[in-house]
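The values are calculated or read from the model by the stated rules, or taken from the named source; none is laboratory data. No experiment lies behind these values; they were computed from the predicted model shown. Every residue, glycine as well, gets a Cβ built from its backbone with ideal geometry; the counts of neighbours run over all protein chains shown.
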Amino acid sequence: MIPYIVGCALFMQMLDSTVVATALPQMASSLGTNVINMNMIITSYLLAVAVFVPISGWAADRFGARRIFLAAILLFTASSVACAASQTLLQLTLARVVQGMAGAMMVPVGRIILLRRVPKDQLLQAMAVLTLPALMGPIIGPPVGGVLVTYASWHWIFLINLPVGLLGIWLVLRYIRSDYPLDPTPLDWRGFLLSAVALATLVTAFENMGHGTFDWRTLAAMVTVGVVSGLWYIWHAKRTPYPILDLSLLRTRTFAISVLGGNLCRFSLGAAPFLLAILLQVNFGMSALNAGLITFTGAIGALLMKLVAPPIIRRFGYRKVLFYNAFFTGLFIALCALFQAQTPIWIMISVLTLGGFFRSLQFTAINTLTYADLDEKAMSRASSFASMAQQLAISLGVACAAVTLHISMSLRQAQELSSVDVMWGFIVLGVITSASALSFMRLQANDGQGLQ
């Protein structure tokens, strides 16, 4: 039951993110702001996850993984209600930050529970099972979000987390036995503050380039603070016995390759739904329901791949799958740039379904290879590190999409978004995703054999 219970938390998180993307135009209109500025509610959530996820491993060891997992689901559910009650963009952004703090503990700690109790030779199958419930979020999210936004209001897209969260709490109490806290290492407060400042300032500065809220002096100051804090943390991590983010994990070759290549692929996870919502609803004039019924087909492709991913990886090996599949994943992202208002819907659905198919294969392989050569003692630190890097990559991906839109509009000297602007966003994301193949070239043919 553990993969499905952890998958319930993933389902709630993925449902929330996909529903939010579908409702962005309506939320912008209701809150009296520009749709490009709405990337703040996506980026603020992802940034909060990236900032607070480093302490998830320490918290699981200090207080017990089950207790932290349960508290995180409860806080995520409560903050979802706060999002629904928000009246301004600022209030919604703050509520999303709290939601991100809960998400920072929820999924990584759930993964720790899984990694501690599943043998490595069963990890590939367990990871495939784990993500099945999570993939139902993107499948259900767009059409449900479309129905709620079209026939009710955007507030309900957050309230649907309430029954899912209550189900998750019941499942944890019913099926996951209490664990005892491990001998925890001291919390690296200085490292936590340095990493938090570096992540917050750099991502916020990059994200604000997409809508020009800050002038160049403020942006330059934020980038300087972020770079200095990041370098200071690297210096600090080499001199403390228990750093909050253990950079020594990068000495494990498969872990380092998976984190670098995998995070280049994850640039598209948050950015693609963001761009599709703008393209289909703002540029093509579709309703939220019709747009949701088109975009959810990508998750169907992902779900179908989960059924065949383990045999494919066993047949061809991690190196070949990750290297060649990176190009296919990037190609189908870039093909979205060809969508026009006159494009037949069946062509859009075909591209999105095949894109989801290849993307799912890529992430199934990455998620298991990340932990291939790590021992059990390193799992908590590795899960925290990998989760932070993943959320940072998704956050940067959304910011990258917003920056691309802003640059394209500036070059055209236009005040209104056009499908041309969104086209360049998809092309940039496709190129970045395909570039991850350069990292996977470093894999050896026998890497990951112990997982099969």
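For residues in segment 207-244 being under 30 Å from Met38 (Cβ atoms) and not in a helix (DSSP H, G or I), which is modelled with the highest pLDDT? Taking the candidates together, the pick is Asp215. Here Leu171 fits the description: in the same structural domain as Phe11 (by TED's automatic domain parsing), of a type in the set (A, V, I, L, M), modelled with pLDDT of 80 or more and in a helix (DSSP H, G or I).
Condition check: assigned by TED's automatic domain parsing to the domain that holds Pro273, more than 14 Å from the chain's Cα centre (by Cα) and without any contact (Cβ under 8 Å) to a residue 24 or more places away in the chain. Does Ala60 satisfy that? No. Selection over segment 424-446 of residues that are crowded, with 21+ Cβ neighbours inside 10 Å, of a type outside the set (Val, Ile, Thr) and not in a loop (DSSP other than H, G, I, E, B) gives a count of 6. Within segment 215-274, if we keep just the residues that are among the basic types (Lys, Arg) and not assigned by TED's automatic domain parsing to the domain that holds Ala334, the residue that is surrounded by the most Cβ atoms within 10 Å (Cβ to Cβ) turns out to be Lys238.
Residue-level check: of (1) over 20 Å from Pro25 (Cβ atoms); (2) modelled with pLDDT of 90 or more, Met423 misses just (1). Say whether the condition of being modelled with pLDDT of 80 or more, part of a loop (DSSP other than H, G, I, E, B) and touching a helix residue (DSSP H, G or I) at 6+ places or on another chain (Cβ under 9 Å) is met by at least one residue in segment 88-95. Checked against the condition, which is being modelled with pLDDT of 80 or more, part of a loop (DSSP other than H, G, I, E, B) and touching a helix residue (DSSP H, G or I) at 6+ places or on another chain (Cβ under 9 Å), segment 88-95 yields at least one hit.
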